[in-house]
Amino acid sequence: MLNPRALVVPFTKMNGAGNDFIVLDNRFLHFNDAELSGLARRFCPRRTGVGADGILALNPPETDGAHFRMRYFNADGSLGTMCGNGARCLARFARMAGIKGDPLVFDTDGGRYTADTPAEPTAPVRLHVPSPRAFTTVTLAEAQVEGETFGIWTGTEHTVRFVDDVQNAPLADEGPAIRCDSALAPAGANVNFVEVVEDGEQARVRARTYEKGVEGETLACGTGALASALVARLAGRIGADQVAIEMPGGTLTVGFSLPNGETSAEAVRTLTLEGSAETVYQGTLET
């Protein structure tokens, strides 16, 4: 029985390639950041809450030309500057909520994005992404790992490590060690383990991601898929500019253009992330 003094909050559970979210229409709920952070900590745990990798809030637009403002909080309550799968899910949610625009334009803490969001609820959503930055080789301070670690910013901080067999990659050990390494302080970084399967007109890679804020592996990571594809190209592991990223929860497609001979992230243009954005169910929370 509901507590008559409780606030009953409607929500939609969504996922993009298995990366799952609690989605709130905050145009009407008016939760502030501290309240959204508390809701994430309370309801994202999988045994005692709804279960999700984070909370997405659809906020009113704050700048000219935008249809809405995205706010994202990780499962541990920390603010996420950007979430690629979350952004695609929120675009679909906005479309279902009656927000019109083709494409939809919205602001995030990682910049302005646009999304091609078909009316058909099972059609993939394509996200148009600002250019990445800060591609570099990372010298880790404490983490004891073999081989190179690359860094790149794709809306949030990421590292990429190439492995021969991603299924057996030491994610459980190396993921948290690299994520918390002082060389990546203060923000830390998500950690992607990437196996190049084939190159060609469209490359195919397999990736697994240890995500900060979740502090564990997620079934997919949109900004991680971007990081995996871009680092594979910038580090010379592939030559394609269309990349299928196979993650445990599904496949995401990354597209971009890069002038011949360029090896900087800032030179990347027409960057896109495409994949599923599905509604799982709707419900209410009692707060």
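Packing-based ranking of 130-138, 77-85 yields 77-85, 130-138, ordered from highest to lowest mean Cβ neighbour count within 10 Å. For the chain, the longest principal axis of the C-alpha atoms and the axis of helix 222-234 are separated by about 20°.
Sorting 49-55, 198-204 by average packing, meaning the other beta carbons within 10 Å per residue, from highest down gives 49-55, 198-204. Taking the helices alone, the chain has a mean residue ellipticity at 222 nm of -5000 deg cm²/dmol, built from -39,500 (n - 2.57) per DSSP H run of at least 4 residues and averaged over all its residues. Listed peptides 261-269, 35-43 appear in the order 35-43, 261-269 once ranked by packing, highest mean of other Cβ atoms within 10 Å at the front. Here the label points at Thr81 and Glu266, each 7 Å from Cα along the C-beta direction, are separated by 1.5 nm in the simple model. With Cα atoms defining each centre, segment 82-116 and segment 148-199 are spaced 27 Å apart in the structure.
Only bridges with both residues in the chain count here: give the DSSP antiparallel percent, nearest 5.
Of all bridge pairs located within the chain, approximately 80 percent are antiparallel.
Between the Cα long axis of helix 33-43 and the first principal axis of the chain there is an angle of about 90°, rounded to the nearest 10.
Suppose R0 equals 30 Å. What FRET efficiency, 1/(1 + (r/R0)^6) with r the Cβ-Cβ distance, do Thr136 and Glu201 give to the nearest 0.05?
Values: r = 28 Å, r/R0 = 0.95.
For R0 = 30 Å, the calculated efficiency reads 0.60.
Set the Förster distance to 22 Å, then compute FRET efficiency between Arg5 and Tyr281 from the Cβ-Cβ distance, nearest 0.05. Efficiency, rounded to the nearest 0.05: 0.25. Annotation: the antiparallel percentage among DSSP beta bridges lying fully within segment 133-267 is about 70.
Every number here is computed from the coordinates shown, using simple stated rules; none is lab data. Given the structure is predicted, the values throughout are model-derived calculations rather than measurements. Please note: Cβ atoms are built from the backbone with ideal geometry, for glycine as well, and neighbour counts cover all protein chains shown.
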